[in-house]
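In what follows, a structure is listed as structure tokens, so that the remarks can point back to it.
Read-outs: derived from the displayed coordinates by stated rules, not from any lab. Since this is a predicted model, take the numbers as computed values, not measurements. Cβ placement follows ideal geometry from the backbone for every residue including glycine, while neighbour counts extend to all protein chains displayed.
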């Protein structure tokens, strides 16, 4: 396993990490979840990602039971939660001081840990002043309940505002952002955030590196029945991945599969290695509904040396979506 610093912090995070979105307490039973976490840990993965919204908190309950059972040295792993969608009632959603702090307390109980290594604002909240959220996060850090905080799917402007408020009032600034990033979704990471990597040392913990399965090749010719896209309440994701607007991506996935085979690897390994080649990516969050899928993903690090300039150019010729950088 390779380990990278999370932005400019001193925290060392495994280049590949493991997340529970959709799978835990929804797509797979708890025994498979346990096997996946054990396999990930045994292969050097030290970051496990979660959120209060995942299966309405049940995902964190499953992960917490596994962490308790495994009894791994607490210094050997990193666990996260994310705050925004906690319920339907007022103050159970958003980034108010009340919800940020209460959601943290609830996550600690579900995960059965004394502190969260990483705590993310799952989305920006237009109804709460950013300063209120920044101060709430700083309070949790001063209390030792979280070690680092960050954002997820925030704009560069929102991140910079939070950072500036932190510096102005001598509060702890955000350390990382968790954006979607893959071969088909690039603009925010490669263009919008570009200045943030050097100006504030932003770290990234990216999600959906395989484009919700599109970059595994499983949809190249048909739609399997056991995919997450067929799960209840996942109709929106199915439309995003397989809808009319995404049909061209399936054709690209077919061409990328051929290219992967030419260099002696598979499409998922190629897609993950492509993400890992970006020097601004701290860790790539992978998910799996089977242990075999996780083991497949772990081989992505071996593919990185195969991605020469020539191969990267061939990939760009298939994708045709490289963000145009600003000249000012």
- When a/c is below 1.5 the answer is rounded, else prolate if a/b is larger than b/c, else oblate, so apply that to segment 56-112 with a ≥ b ≥ c taken from the square roots of the Cα gyration tensor eigenvalues. prolate
- Show that you can apply the helix-only estimate: for the chain, add -39,500 (n - 2.57) for every DSSP H stretch of four or more residues, divide by all residues, and state [θ] at 222 nm to the nearest 500. -12000 deg cm²/dmol
- Determine, for 212, 106, the number of other Cβ atoms within 10 Å of each Cβ, and report the residues in order from fewest to most. 106, 212
- What is segment 118-203's relative contact order, in percent, from Cα pairs under 8 angstrom and six or more apart in sequence? 30 percent
- Task: Can you figure out the FRET efficiency of residue 35 with residue 169, using R₀ = 51 Å and their beta-carbon distance, to the nearest 0.05?
- Result: 0.65
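Would you work out the relative contact order for segment 25-86, in percent, from Cα pairs under 8 angstrom that are 6 or more residues apart?
44 percent
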- Gaussian network model of the chain, springs between alpha carbon atoms under 10 Å - residue of 139, 198, 39 with greatest fluctuation: 198
- Item | Segment residue 73-residue 255, extension gain: residue separation times 0.36 nm, minus the distance between their alpha carbons | 61.1 nm
- What do you get for Rg/Rh over segment 252-301 if you use C-alpha atoms and the Kirkwood form of Rh? 0.98
- Message: Given points 7 Å out from each Cα along the Cα-Cβ axis, report the residue 290 to residue 127 separation in nanometres with one decimal.
- Response: 4.3 nm
- Query: So how long is each side of segment 110-226 along the principal axes, counting just the alpha-carbon atoms, biggest first, in Å?
  - Reply: 55, 37, 27
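Let a ≥ b ≥ c be the square roots of the eigenvalues of the Cα gyration tensor of segment 1-115; is it rounded (a/c under 1.5), or, if not, prolate (a/b larger than b/c) or oblate?
oblate
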- Task: Give the shape of segment 238-328 as rounded, prolate or oblate, defined through the alpha-carbon gyration tensor: a ≥ b ≥ c are the square roots of its eigenvalues, a/c under 1.5 means rounded, and otherwise the shape is prolate if a/b is larger than b/c and oblate if not.
- Result: rounded
- Using Cα pairs closer than 8 Å and at least 6 residues apart in sequence, work out the relative contact order for the chain, in percent. 19 percent
- Message: Testing the spin-label approximation: label points 7 Å from Cα along Cα→Cβ at residue 97 and residue 199. State their distance in nm.
- Response: 2.9 nm
- Query: What percent antiparallel are the DSSP beta bridges of the chain, to the nearest 5?
  - Reply: 15 percent
- For a footprinting-style exposure proxy, rank 312, 171 by other Cβ within 10 Å, fewest first. 312, 171
- Task: Calculate, in nm to one decimal, what residue 43 and residue 244 gain on full extension: separation in residues at 0.36 nm each, minus their alpha carbon distance.
- Result: 68.5 nm
- Query: Gaussian network model of the chain, Cα springs within a sub-10 Å range: biggest mean-square fluctuation belongs to which of 126, 290, 252?
  - Reply: 126
- Task: Give the Kirkwood hydrodynamic radius (Å, one decimal) of the chain, defined as one over the mean of 1/r across all pairs of different Cα atoms.
- Result: 20.3 Å
- Item | Separation between Cα centres of segment 286-328 and segment 15-61, rounded to whole Å | 23 Å
- Query: Rounded to the nearest 5, what is the percent of antiparallel bridges among the DSSP beta bridges in segment 91-210?
  - Reply: 10 percent
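Cut-off is 10 Å between beta-carbons; in what order do 266, 75, 216 appear when sorted fewest neighbours first?
75, 266, 216
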